[in-house]
Amino acid sequence: MKIQNVARFHSTNDRPPFKNRVGARAAPAAARKKRLVQIENPCCFAASGAAQYTPQGKPGRETPRVSDFFDMHSHLLPGFDDGASKSSESLEILYQAWQAGFRHVVATPHVMAGFYEHQRDEVEQAIAALAVETAVQTPGLRLYPGHEYYIDDHFMGWLAQGEIHPLGSGRHVLVELPLLKLPPMTKEIAFRVQIKGLTPILAHPERYNDVIRKPEVIHDLMASGFRMQLNLGSLAGMYGRKVRRTAEWMIKNRLVDFVGSDAHTPQQATEAFTDGLQVLTELVDPAELARLLIRNPRDVLFREETQ
Ligand SMILES: [Fe+2]
């Protein structure tokens, strides 16, 4: 079934598009209602008629029927980096996000000197182009500009020149470090980012070798000013057993501030938005789920403080 059929699906309760890929299973209406998870003020998060959520994933492992979630990390802009290569992939990633209850997605293409150096206005233009198409197939979904900066000497130079751009209209910046070994200057880097009036968010800390080996290092990183963004795919085992174990440890110890899909492809989006989201809902209570998926991201994108 083609992506253009989404509007028809929602108007007729027909089978969802991408059914084969995400393995969606419809449950009786009464059963779905029973599984509805109430988060904070329900009126803010209840799915609208147009955005009817159909539980999906493995049989018996449905995710909560809520909406207004934020995805803080995504490589969905077509042709920008090693993520989506064409707009049809972007739209499929966004549809999967929307179907899982996400209504806000931050586009965070890699910025890495010599490889990916797209400017902010290019990101904003690509988002504007995508927004026209998403208005039909994912009503209510909003896109925000961002970047995922690889920290190296070039980043520090851009930082000194005031050329680092935050997520949305806030003051937080998403950064990544070498996975194999955290640089000795990691805490110094956090300090230098902060004296520029920005707060660093460390992308997928559960994937760093040094963190896997000694998870307690997260405490030091947070004390130096980093906030933590966990990948949903890590909880689904997308990066292996050790990463999954580290991710679960961080969630259980409330050492995570934000979550994101880090989706580069529709396949990764499927893992993140079905199994990954399901595991997260099993590990935390509704209040913590709202903090991670709604309140903290909302504060970061539109205001300056998180809880
Ligand atoms: Fe990423």
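Details
- Lone qualifier among Gly79, Gly83 - being under 30 Å from Gly162 (Cβ atoms), without any contact (Cβ under 8 Å) to a residue 60 or more places away in the chain and not in a helix (DSSP H, G or I): Gly79
- The residue of segment 239-261 that is farthest from Met222 (Cα to Cα), among those that are within 16 Å of the ligand (Cβ to nearest atom) and of a type in the set (Phe, Trp, Tyr), is Tyr239.
Residues checked against (1) exposed (fewer than 13 other Cβ atoms within 10 Å of the Cβ); (2) within 16 Å of the ligand (Cβ to nearest atom); (3) in a strand (DSSP E or B); (4) touching a residue at least 12 places away in the same chain (Cβ under 8 Å):
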residue: Val173; (1), (2), (3), (4): no, yes, yes, yes
residue: Leu179; (1), (2), (3), (4): no, yes, no, yes
residue: Ile189; (1), (2), (3), (4): no, no, no, yes
residue: Gly197; (1), (2), (3), (4): yes, no, no, yes
residue: Glu206; (1), (2), (3), (4): no, yes, no, yes
residue: Leu221; (1), (2), (3), (4): no, no, no, yes
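- For the residues Ser67, Ser87, Ser74, the requirement of being of a type in the set (Ser, Thr, Tyr) and modelled with pLDDT of 95 or more singles out Ser74.
- In segment 223-243, the residue that is nearest to the chain's Cα centre (by Cα) out of those that are assigned to a helix (DSSP H, G or I) and free of Cβ contacts under 8 Å to residues at least 24 places away in the same chain is Arg241.
- Among residues of segment 262-278, those that are among the charged types (D, E, K, R) and away from the ligand (no atom under 12 Å from the Cβ), counted: 2
- Scanning segment 78-115 for residues that are surrounded by fewer than 16 Cβ atoms within 10 Å (Cβ to Cβ) and either under 22 Å from Ile201 (Cβ atoms) or within 13 Å of the ligand (Cβ to nearest atom) (or both) returns Asp82, Ala113, Phe115.
- Of the numbered criteria (1) touching a Gly at 6+ places or on another chain (Cβ under 9 Å); (2) of a type in the set (A, V, I, L, M, F, W, C); (3) crowded, with 22+ Cβ neighbours inside 10 Å, the one Met238 fails is (3).
- Of the helices (runs of 4 or more DSSP H) lying entirely inside segment 251-303, those carrying at least 1 residues that are in contact with a helix residue (DSSP H, G or I) (Cβ under 8 Å, 6 or more places away or on another chain) are 266-271, 277-283, 286-290.
- Segment 65-77 - residue that is farther than 23 Å from Val173 by Cβ and out of contact with any Gly (no Cβ under 6 Å at 6 or more places or on another chain) and, of those, farthest from the ligand (Cβ to nearest atom): Arg65
- Among all residues of segment 242-250, there is at least one that is within 26 Å of Ala100 (Cβ to Cβ), surrounded by fewer than 20 Cβ atoms within 10 Å (Cβ to Cβ) and touching a Gly at 6+ places or on another chain (Cβ under 8 Å).
The values are calculated or read from the model by the stated rules, or taken from the named source; none is laboratory data. This one's a predicted model, so the numbers in the text were calculated from it and none came from an experiment. Note: ideal-geometry Cβ built from the backbone for every residue, glycine included; neighbour counts use all protein chains shown.
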